[in-house]
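*Asks:* Quick one: the structure is below, questions incoming.
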Amino acid sequence: MLQRITCIALCTLLCVLSQPGAATAPQQPLTVIVPTRDVSTVADSEFFFPLLRLCLEKTVPSHGPYQLEYYPSAQSSERIISNMIKGGPVNTMWTSTSKRREQQLDFVPISLLGALSDHRVLLIRLNDQARFDAIANLEQLRTLKAGIGGHWPDARLLKNNQIPTVTSIYYESLFKMLIAGRFDYFPRGLFEVKDDLDLYSEGKLTMESGLLLHYPAPFYFFVSPKHPEIRSRIEAGLARAMADGSYQALVNRMPAFVFGQQILNQSRTVIELVPDYR
């Protein structure tokens, strides 16, 4: 009798499993959408995007499949952040931090660039080095004008340190404005100055040889607060990539980052700026 009941139960189970939808549905991939930028830097395409993919790959065994894609059209930073607060369609981005961004969005509190984003070297006009040779402190630096992106956190920081600034909302325009004499120098992160010189200097700009600006300016992965599952997955993947050496391998393959590290190892006068992320 027990054997007959068992056979009946087994047949019933097989019939149920044979019905459409009865088997366990395959896990849906996590969809991660990042913004398309008006001007994509080498670091964007060759480091930050591959790093995000690396974080997601590292977590496939524990978190399942994923789909990583760019949003099809470019938007301003403010609009991207506004839409991310509401939940999409862009749900993830990498950018320098500010207190406001940390309040509005979720983020992974691991600096993606370390000291390379906490120091700034100055782009100047080719024959202007003598003007900077006498600069040794913040007070003296205030006699010159900086150029900066108007929507960047750095713009507020420079102004709060009483450094005269000229701003533009267009990244590429800042190089042309410096060449034209609209301001005296353009502070650039150590991770980006080599690419700037290669792409935008027009043979008329160079790197100032004796100064470094220092202030905390970490780059983070920011995530929509509507998608905590993305933030936790990126954090887990980034920790694994840093632990197994694959993060450092990605850093080491970036010529601009290696160049920036060499600058950091030089003997330069460091001018400390007071951070003020609001």
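The values are calculated or read from the model by the stated rules, or taken from the named source; none is laboratory data. Given the structure is predicted, the values throughout are model-derived calculations rather than measurements. Ideal geometry is used to build each Cβ from the backbone, glycine not excepted, and the neighbour counts take in all protein chains shown. Accessible surface areas use protein heavy atoms only, side chains included; no ligands, DNA or RNA. Shrake-Rupley method; radii C 1.70, N 1.55, O 1.52, S 1.80 Å.
*Asks:* Provide a single number: the residues in region 64-80 that are open to solvent by 40 Å² or more (accessible area, probe 1.4 Å) and small (Gly, Ala, Ser).
*Replies:* Adding up the residues that qualify gives 3.
*Asks:* Restricting region 199-233 to residues that are among the basic types (Lys, Arg) and under 18 Å from the mean Cα position of the chain (by Cα), which is surrounded by the most Cβ atoms within 10 Å (Cβ to Cβ)?
*Replies:* It comes out as Arg233.
*Asks:* Can you tell me which of (1) more than 25 Å from Pro109 (Cα to Cα); (2) over 17 Å from the mean Cα position of the chain (by Cα) is the one Asp196 doesn't meet?
*Replies:* Just one mismatch for Asp196, condition (2).
*Asks:* From the set of residues in region 96-112 that are over 20 Å from Met242 (Cβ atoms) and not acidic (Asp, Glu), which is surrounded by the fewest Cβ atoms within 10 Å (Cβ to Cβ)?
*Replies:* Gln103
*Asks:* Report yes if some residue within region 173-186 is open to solvent by 50 Å² or more (accessible area, probe 1.4 Å) and among the basic types (Lys, Arg); otherwise report no. Can you show your working first?
*Replies:* Narrowing region 173-186 to residues open to solvent by 50 Å² or more (accessible area, probe 1.4 Å): 176, 180, 182.
Checking the rest, the ones that are also among the basic types (Lys, Arg) come to 176, 182.
There is at least one residue in region 173-186 that is open to solvent by 50 Å² or more (accessible area, probe 1.4 Å) and among the basic types (Lys, Arg).
*Asks:* Is there any pair linking a residue in region 242-265 that is among the basic types (Lys, Arg) to one that is open to solvent by 80 Å² or more (accessible area, probe 1.4 Å), with Cβ under 9 Å and at least six apart or on different chains, and which?
*Replies:* From region 242-265, the pairs are Arg253/Glu46.
*Asks:* Which one is farthest from Gly149 (Cα to Cα), of the residues in region 35-57 that are assigned to a helix (DSSP H, G or I) and open to solvent by 60 Å² or more (accessible area, probe 1.4 Å)?
*Replies:* For region 35-57, the residue satisfying everything is Glu57.
*Asks:* Do you know which residues across region 115-134 are assigned to a helix (DSSP H, G or I) and either among the β-branched types (Val, Ile, Thr) or open to solvent by less than 30 Å² (accessible area, probe 1.4 Å) (or both)?
*Replies:* Step one: of region 115-134, the residues assigned to a helix (DSSP H, G or I) are 115-117, 129-133.
Residues satisfying the conditions are Leu116, Ser117, Phe132.
*Asks:* Six or more apart or on different chains, Cβ atoms under 6 Å: show the pairs whose first residue is in region 137-156 and part of a loop (DSSP other than H, G, I, E, B) and whose second is open to solvent by 10 Å² or more (accessible area, probe 1.4 Å) and modelled with pLDDT of 95 or more.
*Replies:* From residues that are part of a loop (DSSP other than H, G, I, E, B), the pairs are Arg142/Gln162; Leu144/Asp184; Lys145/Pro164; Lys145/Val166; Lys145/Asp184; Gly150/Thr167.
*Asks:* Just one of Arg100, Arg120, Arg125 is touching a residue at least 40 places away in the same chain (Cβ under 8 Å), touching a Lys or Arg at 6+ places or on another chain (Cβ under 8 Å) and more than 30 Å from Glu235 (Cα to Cα); which is it?
*Replies:* Sole residue among the options that is touching a residue at least 40 places away in the same chain (Cβ under 8 Å), touching a Lys or Arg at 6+ places or on another chain (Cβ under 8 Å) and more than 30 Å from Glu235 (Cα to Cα): Arg125.
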